[in-house]
1. Which loop-located trypsin sites (Lys or Arg not before Pro) does the stretch 107-172 contain, where loop means any DSSP state but H, G, I, E or B and the Cβ has at most 11 other Cβ atoms within 10 Å?
2. First select every other residue whose beta carbon is under 9 angstrom from the beta carbon of L67; then total the charges, Lys and Arg +1, Asp and Glu -1.
3. Relative to the longest principal axis of the C-alpha atoms of the chain, give the angle of the C-alpha long axis of helix 56-72, reported between 0 and 90° and rounded to the nearest 10°.
4. Can you tell me the 0 to 90 degree angle between the C-alpha axis of helix 204-213 and the longest principal axis of the chain, rounded to 10?
5. In whole Hz, what ³J(HN,Hα) sequence does the stretch 113-122 give by Karplus (6.51, -1.76, 1.60; θ = phi - 60°), x for Gly and Pro?
6. If amide H atoms are built 1.01 Å from N in the plane of the peptide, which residues on other chains or at least 5 residues away come under 5 Å of the amide H of N21?
7. What percentages, rounded to whole numbers, describe P(r) for the stretch 175-239 computed over all alpha carbon pairs with 5 Å bin width beginning at zero?
8. Hey, what did the stretch 210-292 get for relative contact order, percent, Cα under 8 Å, at least 6 apart?
Amino acid sequence: MAYMPLRRIYAFSDTYGRSKNPFLQDDADALISTDFRSFPLESVRREFDIYGRESITEHMLRLIFELNDNTKNSPYLSKETKTEFKKMLTGIFINAAPRLTHENGSPFYIAMSDNIRIVTTNLAGLATVKDKIEKLYHLDNDKNVIYGGTEQFRSSYTAYLLHPDHEIDLIEDKVSIIPDYPEDEWVLSYVDRFGNMVTYTKDVAKKWGEIEAKTDKADNTVKLIVGNVSQKMAIGSSLKDTDPGALVVYRNKDIDLLRKWMPNEDSYTRLYRSAYLQFSKPEVGAKIKIAE
């Protein structure tokens, strides 16, 4: 049986050891976007520590699915390149399974979608890409040939399941066991290396309408609460039309919260005055509300 070659590997784990500070982390969004857009046929393996920011993986899954589709249908790549790209597998490994009960962490699930393969301990983290998942399996936590039921460092073995020819016995599940994402939830989903904040809500148009409805027409601002901190934000249609130095919220693919740099600011000041710091370094996954 012929298998797709595993060409791109993106591993997210809370075990790799790195600061949770986004200013000191590699910017996964920027790196992965460049891989797909500029080097679609190159082999790549990247590892990102997610301790304390485990929820970024939901953003990364959505991004990778989008980049994968865009590459398949790229207007600038050659037909030959796109054909070859479709034959190559992208593997995504997600591990964050603290031992909070007598169980040895959450089971590892294996989700498949065309040329994307995901191995994850977080079933709920698949909610926003549930409609794209074609098959779902899990590895028995106790009875498997990879490790025994008491193995503490399961993640050092289980990324092996990204290989399509692993021949390890798996238990098939119905895709329907993946939870549905809450309809009106609005959360912080990613913070980039400049302190710009990407948010996620299932219905962006609906949420943007709610923002516009609460906008103070006198100065075109709205007050948003991220976690427990509120800030007045200018309403923008893009970063380009925003005044330098302002905190701005605008509708991009998602809804972004950021501060536009002022001329002649040094690199420290740009980070120190970023939206992330002005909202007091909220946790990824923090709830966002429109202040009354």
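The values are calculated or read from the model by the stated rules, or taken from the named source; none is laboratory data. Nothing here was measured: the structure is a model prediction, and the numbers come from that model. All Cβ positions, even for glycine, are placed from backbone atoms using ideal geometry, and neighbour counts span all protein chains on display. Please note that ligands, DNA and RNA were not included when accessible areas were found on the heavy atoms of the full protein model with its side chains. Shrake-Rupley method; radii C 1.70, N 1.55, O 1.52, S 1.80 Å.
1. On the way: sites: R117, K130, K132, K135, K143, R154; in loops: K143, R154.
Here the sparse-neighbourhood loop sites are K143.
2. -2
3. 80
4. 20
5. 8, 6, 9, 10, 10, 10, 10, 8, 8, 10
6. Amide H to amide H, under 5 Å and 5 or more residues apart or across chains, N21 pairs with nothing.
7. 4, 13, 19, 27, 18, 9, 5, 3, 1, 0
8. Answer for the stretch 210-292 is 30 percent.
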